[in-house]
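Here, each number is a calculation from the coordinates, and none is a lab measurement. It should be emphasised that the depicted structure is a prediction, and the values quoted were computed from it without experimental measurement. A quick note on method: Cβ atoms are made from the backbone with ideal geometry, for glycine too, and the neighbour counts reach across all protein chains shown.
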Number of protein chains: 2
Amino acid sequence: MEKTWVIENQKDDYSQGYRVSNTVTTKKSEYQELNIIENPTFGKIMFLDGNAMLSEKDEFIYHEMISHVPINMHPNPKNILIIGGGDGGTALECLRHREVESVDMIEIDKLVCDESRKHFPKFMSAFEDKRLNIRYEDGIAFVKNAPEKIYDIVIVDSTDPFGSAEGLFRKEFYADVYRVLKDDGITVVQAESAFFDMPLLKNIGGSFRQIYPKCFAYQYHMVVYPGALWMFFMGSKRYHPINDFEINRFESFKNELKYYTEDIHKAAFALPKFVKDSLIELIDN
Amino acid sequence: MEKTWVIENQKDDYSQGYRVSNTVTTKKSEYQELNIIENPTFGKIMFLDGNAMLSEKDEFIYHEMISHVPINMHPNPKNILIIGGGDGGTALECLRHREVESVDMIEIDKLVCDESRKHFPKFMSAFEDKRLNIRYEDGIAFVKNAPEKIYDIVIVDSTDPFGSAEGLFRKEFYADVYRVLKDDGITVVQAESAFFDMPLLKNIGGSFRQIYPKCFAYQYHMVVYPGALWMFFMGSKRYHPINDFEINRFESFKNELKYYTEDIHKAAFALPKFVKDSLIELIDN
């Protein structure tokens, strides 16, 4: 057992590997295969269809950046919708904000929630929070059928754009998301690696440009995601991520965070030149 | 050949792998083994003792950040010393600045220069620039014996802290570097991954704190370096990286760059909370 490795060949020519000190669980749902292993450096790592989704060691980067950035630029973030996010990490970060009254989480695969709840104790408090409402449904159908203008913030916390997540990268879906947002709402979507997936990122940006009055992109570093330089794309009906940023918003819990700070909030929108050049027509200043 | 991979197990529990579409060269010097392969995504990749040192696809990130950050905060960057940097990438970026009159490059291993010159055409112009003086010597001995106060900027462009590069991470060496710097000089050192190597980073910071009046750390993303969130440590005798940053300095060639911009210069000093907390006593604001 000691010498077993999980090698993730997500990209044809590039792989990342993790030594397995313990196999925690291997299960299969109708949507995907789920594996959780333990690795001495990363702690527990969850894989979906062979791709690392989160590790105990670096999940905080992704979850803090996908949630606190939009929440801290919105003056009144009461109702949040998370599409995907079944591990509970994004919900946990959203629920740190006392102003947040409800978080609806639409996760297609109940297995992800069940296993995360069992094996990632950090996220337990989110699952136990009464403000969290989980529905095990297809997020695409959910936003198509939901009433208009009911959410302040929509977070698309998706896996990679294959299989059941593919529709979460389409313009029709983004248009439905826009519809369920209130008149000053904000959407953030997981937008892959700027290093490996620029065509996809431009595609997302192109769709957003046709839908949202204001578009932005911001970056973060992940270790378990291949490509180092990872991106979120943001569409906003009214607010600006820097000009409308409220520094006092996270004062009460800022010492519990490990990545996000006031400076990181602002710096995340400074894009490397090759990224900025590629997105120049698609984002605002 | 088509199915061969190079797997880099630099960390005990974590690996990165590259499919080999072509083996370019395998050589051995008295210091290390050098391999260059071709990979469909990364282009040519140079490995030293099995660790990826640079790829054609992402070298620009490292080389732009190690050079333009200190040069653009110094009002009169005439004489630059590079310790290591045998591939020529750092020299290339330094030599873009017309104010730079000389770049001394002290590379212990001639093989690195010879093979880089042959296989990485981008760096050729640096090797042909008359302002570049290469000496194949031990950088540690060089700074010990060099006259004092002769350089405006010293860049320590080292490999990882094993083998012949180990001494480049010691306080005695940093003190000698300080000695060869003019009264307003700046030093930048390659300081590994904040994610994997925090003890080393704190060690470097602790040494710098005892030597330099002003200390700073800044970050960048690399794909071929394991740990995503990579750091440079900076010691400065006088200038401040943000307050003394001169925006016009790189106007003439800014369109030739692919990572570094004015915004990236400033944003690089915004550190993730866990990094800032770890270095809080060791860096200035």
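Observations on the structure shown:
- Residues B:Asp176, A:Asp277, A:Asp183, arranged from fewest to most other Cβ atoms within 10 angstrom of their Cβ, appear as A:Asp183, A:Asp277, B:Asp176.
- Residues of segment A:25-61 with amide N under 20 Å of a point placed 7 Å along Cα→Cβ from A:Arg170: A:31-32
- Residue-averaged beta-carbon neighbours from other chains (10 angstrom radius) around B:87-96: 0
- For B:188-195, mean number of other protein chain Cβ atoms within 10 Å: 1
- Number of partner chain Cβ atoms within 10 Å, mean per residue of B:261-268: 5
- Phi-based couplings in Hz for segment A:161-167 (Karplus 6.51, -1.76, 1.60; Gly and Pro marked x): x, 10, x, 5, 8, 4, x
- Across segment B:41-51, rounded Karplus estimates of 3J(HN,Hα) from the backbone phi angles (6.51 cos²θ - 1.76 cosθ + 1.60, θ = phi - 60°) give 8, 9, x, 6, 10, 9, 10, 10, 6, x, 9 Hz, Gly and Pro being marked x.
- Share of alpha-carbon pairs per 10 Å distance bin for chain B, given as whole %: 6, 30, 38, 21, 4, 0
- Calculated [θ] (222 nm, deg cm²/dmol) that DSSP helices of n ≥ 4 give over chain B, each run adding -39,500 (n - 2.57): -7500 deg cm²/dmol
- Using a Gaussian network model of chain A in which every pair of alpha carbons under 10 angstrom is joined by a spring, one finds that among A:Leu34, A:Leu48, A:Leu257 the greatest mean-square fluctuation is at A:Leu257.
- Cα-based helix-to-principal-axis angle, B:171-180 vs chain B, degrees rounded to 10: 60
- For the pair A:Glu148 and A:Lys78, a Förster radius of 22 Å applied to the C-beta separation gives a FRET efficiency near 0.85, rounded to the nearest 0.05.
- Net dipole in debye of the protein assembly as shown [+1 Lys, Arg Cβ; -1 Asp, Glu Cβ; about Cα centre; nearest 20]: 700
- Overall form of segment B:47-203 per C-alpha gyration tensor (a/c, 1.5; a/b vs b/c): rounded
- Segment A:104-183-segment A:223-270 distance, computed between alpha-carbon centres (Å): 20
- Phi-derived couplings, Karplus 6.51 cos²θ - 1.76 cosθ + 1.60 at θ = phi - 60°, listed residue by residue for segment B:199-208: x, 5, 4, 5, 5, 4, x, x, 5, 4 Hz, with x used for Gly and Pro.
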